[in-house]
Amino acid sequence: MSLNTFGHLFRVTTWGESHGPALGATVDGCPPGVEIDEATLQHWLDRRKPGQNKYTTQRREPDAVRILSGVFEGRTTGTPVQLMIENTDQRSKDYGEIAERFRPGHADITYWQKYGIRDYRGGGRSSARETAARVAAGGLARAALAALAPEVKITGYMVQMGRLKADRDRFDLAEVAQNPFWCPDAAAAAIWAEHLDELRKSGNSVGAVVEVVASGVPAGLGAPIYGKLDTDLAAAMMSINAVKGVEIGEGMAAAELTGLENADEIFMGNDGKPLFSSNHAGGILGGISTGQDVVVRFAVKPTSSILSPRRTIGVSGVESEIVTKGRHDPCVGIRAVPVGEAMMACVILDHLLLDRGQTGGLRGPIGGT
């Protein structure tokens with residue numbers, strides 16, 4: 001039973017553990033002829049890799065990706081693309097004390113209950129280190145999108161840290177790359193820095209909300225009922241380590257709106273294409289893209305690895321206190337931003353290929369065109 005794969009036509013299987021020799025992804029279904037090389041993929045991995053500032057884990061990993069198959073003379077061949085990232089800075093000794101005890105908030109206890117065996121070194125397969133493989137696969141998906149739908153642009157950023165929210169009236173996407181939080185609000189980023197410094201020094205952590213927007217997505221991606229674009233997006237984001245909630249467009253806030261407020265009115269634009277008055281739907285209606293920006297948000301829980309003692313039990317059932325040692329992110333939401341972007345890229349490409357296979361790009365005419 002394979003439960004390490006996502007996607008329909010563009011299928012990604014990730015493999016490897018946090019403290020094993022390597023991890024990576026096998027990508028099947030990538031169209032042939034897509035220009036790609038290791039440097040292109042490395043650009044995206046460098047945005048996710050640890051140790052880049054004091055607000056992320058100080059584990060030092062170059063996250064250097066190697067392409068082992070599926071590419072010839074700089075282009076994909078249509079066969080499986082094997083991507084590998086070696087682990088070079090494991091400190092497994094940090095986890096010796098948890099070999100027989102379960103860390104609160106971690107998957108230690110559920111992995112043990114399900115399998116009767118677990119790799120306790122850094123969480124093994126449940127570690128957020130697995131997301132490096134997703135980012136590598138997402139880099140390949142971006143390259144394919146650039147060839148098939150160059151108008152698609154994917155941008156992720158943090159909109160909330162703990163109870164502190166960014167002000168949308170101050171949003172400037174040029175700011176996203178200018179601070180360590182991928183925050184489009186420079187003033188909020190400064191406040192977050194002070195807040196996270198205090199938490200980091202006290203050995204605590206905090207959660208976050210990440211927003212990912214795909215602009216230029218053509219209308220018509222997705223299918224009714226079980227093939228909805230938002231169904232796959234929600235599943236993709238929910239599969240990211242530490243994510244506890246996902247919403248599309250207005251999301252949970254839609255429950256507070258009336259029908260008059262929530263319905264995005266439709267007009268004819270000067271270019272002869274539909275124009276919407278708002279985007280409460282997040283670019284998806286009935287599971288099918290509208291042509292508007294596709295907007296997804298997900299909530300990331302506080303990092304469970306903290307230096308404060310917490311009560312737990314061990315395999316023997318004996319109660320004790322535990323302090324999680326090692327190098328951990330005080331706010332894992334920071335490095336979740338490029339992961340969310342990668343998952344968006346994989347899902348959008350997958351649905352682009354599905355639509356191309358089912359309809360061949362056929363669209364119902366509007367306004368006689």
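The values are calculated or read from the model by the stated rules, or taken from the named source; none is laboratory data. All values derive from a computational prediction rather than experimental measurement. FYI the Cβ positions are ideal-geometry reconstructions off the backbone, even for glycines, and counts take in every protein chain you see. Ligands, DNA and RNA are stripped out before the accessible areas are found, and what is left, the full protein with its side chains, is counted by its heavy atoms. Shrake-Rupley method; radii C 1.70, N 1.55, O 1.52, S 1.80 Å.
Taking packing as the residue-averaged number of other Cβ atoms within 10 angstrom, the listed peptides 297-310, 253-266, 127-140, 186-199 run from highest to lowest as 127-140, 297-310, 186-199, 253-266.
Cβ-Cβ distance of Asn279 and His43, R₀ of 41 Å, FRET efficiency by 1/(1 + (r/R0)^6): the value works out to about 0.90. Ranked by solvent-accessible area (1.4 Å probe, protein heavy atoms only, all chains present), the residues Thr26, Thr14 order from largest to smallest as Thr26, Thr14.
The 3J(HN,Hα) values that the Karplus relation (6.51, -1.76, 1.60; θ = phi - 60°) gives for region 243-259 are, in residue order, 6, 10, x, 9, 9, 10, x, 5, x, 4, 5, 4, 5, 8, 8, 8, x Hz. Gly and Pro appear as x.
Ordered by solvent-accessible area of protein heavy atoms (1.4 Å probe), largest first, the residues Glu38, Glu321 come out as Glu321, Glu38.
Pick from Leu349, Leu83, Leu148: which is most flexible by mean-square fluctuation in a GNM of the chain where alpha carbon atoms under 10 Å apart are linked? It is Leu148.
Placing R0 at 41 angstrom, the Cβ-Cβ distance between Trp112 and Ala146 gives a FRET efficiency of 0.40 after rounding to 0.05. Connecting C-alpha atoms closer than 10 Å in a GNM of the chain, tell me which of Ser278, Ser69, Ser320 has the biggest fluctuation. Of the options given, Ser320 has the highest mean-square fluctuation.
Only helical runs count toward this figure. For the chain, summing -39,500 (n - 2.57) over DSSP H runs of n ≥ 4 and dividing by all residues gives -8000 deg cm²/dmol at 222 nm. What does the charge add up to near Tyr115, with Lys and Arg as +1, Asp and Glu as -1, over the other residues with Cβ less than 12 Å from its Cβ? For residues surrounding Tyr115, the net value is +1. Positive end of the charge dipole of region 270-369 (Lys, Arg +1 and Asp, Glu -1 on Cβ, about the Cα centre): tell me which of Asn270, Thr303, Gly314 has its Cα farthest that way. Farthest along the dipole direction, towards plus: Gly314. Given +1 at the Cβ of Lys and Arg, -1 at the Cβ of Asp and Glu and no other charges, the dipole of the chain around its Cα centre is 1140 debye to the nearest 20. Remark on Ala219: its backbone amide H falls under 5 Å from those of Gly291, a criterion applied only to residues 5 or more positions apart or on other chains, H modelled at 1.01 Å from N.
Estimated at the nearest 10 Å², the accessible area of Phe102 is 10 Å² with a 1.4 Å probe. Of the options [x] 157; [y] 144; [z] 178, only one is volume of the Cα convex hull per residue in Å³ as computed from these coordinates, and that is [x]. Structure note, pairs Lys165/Lys273; Lys165/Lys228; Lys201/Lys244; Lys114/Lys228; Lys49/Lys114: Cα-Cα distances above 28 angstrom occur for Lys165/Lys273; Lys165/Lys228; Lys114/Lys228; Lys49/Lys114. Each Cα pair of region 115-251 feeds into the Kirkwood radius, which the Stokes-Einstein equation turns, at 25 °C and 0.890 mPa s, into a diffusion coefficient of 140 µm²/s.
Rg over Rh for region 225-282 works out to 1.08, using Cα positions for both radii and the Kirkwood form for Rh. Helix 131-148 axis versus longest C-alpha principal axis of the chain: approximately 20°, rounded to the nearest ten.
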